[in-house]
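Below is one structure, written out as structure tokens; comments come after it.
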Amino acid sequence: MTTSERRFVLGVDQGTSATKAILVDSAGEIVARASAPLSSRHPGPGLVEQDGEELWRSVLEAVAGCLAQAPPGSIIAVGLSVQRESVILWDRAGAPLGPLVSWQDRRGTGLCARLAADGAASLVRRTSGLPLDPMFSAAKAAWLLDHHDPGRVRSGRGELCLGTVDSWLLHRLGGGHVIEVGCASRTQLLDVRRRAWSPELLGLFGVPVEALPRVVASTGTHADAKALHPALAGVPVAAVLGDSHAALFAHAAGQPGRVKVTYGTGSSVMAPVPGPAEVDDEGLCLTVGWDDGVPAYALEGNILSTGATVAWLAGVLGTEAGELARLATAGRRGRLQIVPAFGGLGAPWWDDRAEAIMTGFGLDSRREDMARAAVDSIGLQVGDVVSAVERAAGPVAELLADGGPTANADLMQWQADVTGHAVRVARRPELSALGAAHLAGAASGVWSRRELSGLPRHGRRYTPVLPVCERRRALAEWHSAVARARHRTSRSGGAEAEASDRGS
């Protein structure tokens, strides 16, 4: 390679509804991009599945489409970000034995309820850093084994492989049976402080350690990328992260007071913390963000339905998500409340008994009002988690936002108004792919850490304009609706609103 030849890093983000690929040059600019869709199946209430082979094909398609646009130069490294908590079971030959059980899937609800009744919730939280909830991988892994190896004979002999999406993709790339430590921290089977599989949690969920992947750091040569595309032969997969972790890395949000919000099908609110401290607020998770030689920890709150709420209502009204967002701008704020507890509520409530409701509607309600309620529920749910982060980790200086919905200026202004904090939006929506590319490039010598911190990241900034009294009223109305969804009294909802307001 000559000194004048351009150098690139390929970032691949395998998400819930699509796989995205971007090519980033040494100045940090995206010079090519492509996307490939990924479908989901809903075979029953609360059940969400994907096909492991289709997922792999979507990665190949996105990479091929991106590289077809590549300008002359050399690709130095590949970075991979993935949807988290989803889990798949395959045999050592690489054949899936069942579906990829999505992070959205709730089939583990019964097992989690039985474990909670047995008093296991405190052990799970203390060891894994996560609340006992079927969103995480452990209960899904138990279901897969119950259906394909009920006696745990084959899995106990190491003939079967359990893994998250990063494990599945790295296996297909020839990297063996491994899992990146940040993704492992989302399985509910890892001792989050030791960063090793917990015998107690494995016993609790009935998962043999022999079926689990080896835990590895986020950086290193995970595999050769030639299986992704012939042009990538000899190029290392140099970084692997969970998608929300990659977005946090791309925001360069390692400073106290900076909170990352990733908007998608669901949403993730994440704040860096100095180490694996105890989490006093039960609405938050302790997560390993990444490990590039030094483990980085974060507090996180996971919201189960944000973009999914807009997609659902768009389907009900016979329109598209983009049109629904336009309708929302003509809706009357506060006339309706939608609490999208389609599979229960995630952070900060973690209430799987909550039910989706719409309140406040009448004969004068319009589709625009429903659209407004759906879009506003995104900002209100994020606001609840931001308040929990403030209570646990201290004052918030600003929110750093990424994901497709950040293109909705009305939503971003509402987010600033309802939290009382400035919101700074990423320049590019593909921040998870960008974060994976950044970490891979730093690990491969494309950028020094100093150069990486100076790369362009953020664009428009939104500041709060809503009067405090109106913000408090909006929060009180929202928390009253949340209380109804959780089968609580209005008085309980008011208390929760007051607690949230004290943390704001």
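Applying the Karplus relation 6.51 cos²θ - 1.76 cosθ + 1.60 with θ = phi - 60° to the range 163-180 yields 3J(HN,Hα) values of x, 7, 4, 4, 4, 4, 5, 5, 4, 5, 8, x, x, x, 9, 9, 9, 6 Hz, where x marks Gly and Pro. Projecting label points 7 angstrom from Cα along Cα→Cβ for E451 and C469 puts them 5.6 nm apart. For the range 7-240, the Kirkwood estimate of the hydrodynamic radius, built from every pair of different alpha carbons, is 18.2 Å.
Going highest first, how would you order 264-271, 171-178 by mean Cβ packing within 10 Å? Write out the running numbers ahead of the final one.
Details: 264-271: 25.6, 171-178: 18.1.
Ranked from most to least packed, the peptides come out as 264-271, 171-178.
Near L80, the amide H atoms lying under 5 Å from its own belong to V12, A239, V240, L241; only residues 5 or more places off or on other chains count, and H is placed 1.01 Å from N. In this structure the amide hydrogen of S444, modeled in the peptide plane, comes within under 5 Å of no amide hydrogen from residues 5 or more places off or on another chain. Could you please report the charge total around D25, scoring K, R as +1 and D, E as -1 over all other residues with beta-carbon less than 10 angstrom from its beta-carbon? Once positives and negatives cancel, what remains is +1. Globularity index of the range 175-222 is 1.11 (Cα radius of gyration / 2.2 N^0.38 Å, N = number of residues).
Based on DSSP H runs of at least 4 residues, each adding -39500 (n - 2.57), what is the mean residue ellipticity at 222 nm of the chain after dividing by all its residues, to the nearest 500 deg cm²/dmol?
Values: 17 runs with 182 residues, N = 504.
It lands at -11000 deg cm²/dmol.
In order along the range 218-226, phi translates into HN-Hα couplings of 6, 10, x, 8, 6, 5, 8, 8, 4 Hz, rounded to whole numbers, per the Karplus curve 6.51 cos²θ - 1.76 cosθ + 1.60 with θ = phi - 60° and x for Gly and Pro. By the Stokes-Einstein formula, at 1.567 mPa s and 4 °C, the range 1-106 with its Kirkwood radius over alpha-carbon pairs has D equal to 85 µm²/s. The gain in end-to-end length when the R333 to V316 segment is fully stretched comes to 4.1 nm, 0.36 nm per residue minus the alpha carbon separation. Dipole magnitude for the range 213-329: computed about the Cα centre from +1 point charges on Lys and Arg Cβ and -1 point charges on Asp and Glu Cβ, it is near 360 debye.
With both labels modelled 7 Å from their Cα along Cα-to-Cβ, the S122 to R366 distance reads 5.4 nm. Restricting the calculation to alpha carbons of the range 117-259 gives Rg and Dmax of 16.5, 54 angstrom.
How high is the relative contact order of the range 10-93, given as a whole-number percent (alpha carbon pairs under 8 Å, six or more residues apart)?
Details: 126 pairs, mean separation 29.3, N = 84.
That works out to 35 percent.
In this label model, S74 and R214 are separated by 2.9 nm, measuring between points 7 Å along each Cα→Cβ vector. Think of each Lys and Arg Cβ as +1 and each Asp and Glu Cβ as -1; about the Cα centre, that makes the dipole of the range 7-240 roughly 380 debye. Backbone geometry of the range 262-277 corresponds, through the Karplus equation with coefficients 6.51, -1.76 and 1.60 at θ = phi - 60°, to 3J(HN,Hα) couplings of 9, 9, x, 4, x, 9, 10, 10, 9, 10, x, 10, x, x, x, 6 Hz, x marking Gly and Pro.
State to the nearest 20 debye the size of the charge dipole of the range 356-402 about its Cα centre, where the only charges are +1 on K and R beta carbons and -1 on D and E beta carbons. Could the numbers behind the result be given before it?
Numbers: 4 positive and 8 negative charges, 28 e Å.
Using only the charged Cβ atoms, the result is roughly 140 debye.
Against the set (1) 21.8, 71; (2) 23.2, 80; (3) 23.1, 68, the structure's computed Rg and Dmax of the Cα atoms in Å falls on (1). Among 104-114, 156-166, the peptide with the highest mean count of other Cβ atoms within 10 Å heads the list, and the full ranking is 156-166, 104-114.
Over the Cα atoms of the range 231-320, the radius of gyration divided by the Kirkwood radius equals 1.10; this is the Rg/Rh ratio.
Read the figures in this text as sums done on the coordinates, not as results from a lab. Everything numeric in this text was worked out from a predicted model, so none of it was measured. As a convention, Cβ positions derive from the backbone with ideal geometry for all residues, glycine included, and neighbour counts pool all protein chains shown.
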